[in-house]
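Have a look at the structure below, then the notes.
Just so you know, all these numbers are worked out from the coordinates, no wet-lab data involved. The shown structure was predicted, so the numbers you read here are calculated from the model rather than taken from an experiment. Counting neighbours? That spans all protein chains shown, and the Cβs are built from the backbone with ideal geometry, glycine included.
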Amino acid sequence: MYYVLLYDVVTDYVERRKPFREAHLKLIREMYEQGYVVMAGALDNPPDRAILVFYTADTSIIKQFIERDPYVQNGLVTHWEIRPWNVVVGGKA
């Protein structure tokens, strides 16, 4: 099952993320290598949200990611939401 993790971030996110960016990306890469993260990235113009696509049968994997994410731990994420995504074309539709 695909899930989308939506992050709302602070207004000065681009500047404030710098000290935590490498640890955040390392965590995403680990989840990618394990087959859980399919793709991830931040929205731009304005840079106010990020989207991570997960492939897992268990949302606890996503919740563990959130708990470990330095962006969440350090207050850069103001709100997060996990939504199931019904893929009809592409991926493992």
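On the basis of being out of contact with any Cys (no Cβ under 8 Å at 6 or more places or on another chain), aliphatic (A, V, I, L, M) and over 19 Å from Ile61 (Cβ atoms), does Val4 make the cut?
no
Could you give me the residue pairs with C-beta distances under 7 Å whose first residue belongs to segment 23-46 and is at negative phi and of a type outside the set (Ser, Thr, Tyr), whose second residue is in a loop (DSSP other than H, G, I, E, B) and exposed (fewer than 15 other Cβ atoms within 10 Å of the Cβ) wherever it lies, and which are 6+ apart or on separate chains?
Val38/Gly91
Consider Val37 carefully, then state whether it is among the hydrophobic types (A, V, I, L, M, F, W, C), over 10 Å from the mean Cα position of the chain (by Cα) and surrounded by 15 or more Cβ atoms within 10 Å (Cβ to Cβ).
Taking the combined requirement at face value, the residue does not satisfy it.
For segment 74-88, which residues satisfy the criterion of being assigned to a loop (DSSP other than H, G, I, E, B) and either in contact with an Asp or Glu (Cβ under 9 Å, 6 or more places away or on another chain) or over 16 Å from Met39 (Cα atoms) (or both)?
Residues satisfying the conditions are Asn74, Gly75, Leu76, Val88.
Hey, can you tell me all the residues within segment 53-67 that are touching a residue at least 24 places away in the same chain (Cβ under 8 Å) and more than 11 Å from the chain's Cα centre (by Cα)?
Of everything in segment 53-67, those that are touching a residue at least 24 places away in the same chain (Cβ under 8 Å) and more than 11 Å from the chain's Cα centre (by Cα) turn out to be Tyr55, Thr56, Ala57, Thr59, Ile61.
Just need a number here: residues in segment 41-73 that are closer than 15 Å to Asp8 by Cβ and surrounded by 13 or more Cβ atoms within 10 Å (Cβ to Cβ).
12
I'm trying to understand the selection: among the residues of segment 49-93, which are touching a strand residue (DSSP E or B) at 6+ places or on another chain (Cβ under 6 Å) and of a type in the set (Asp, Glu)?
Scanning segment 49-93 gives a single hit, Glu81.
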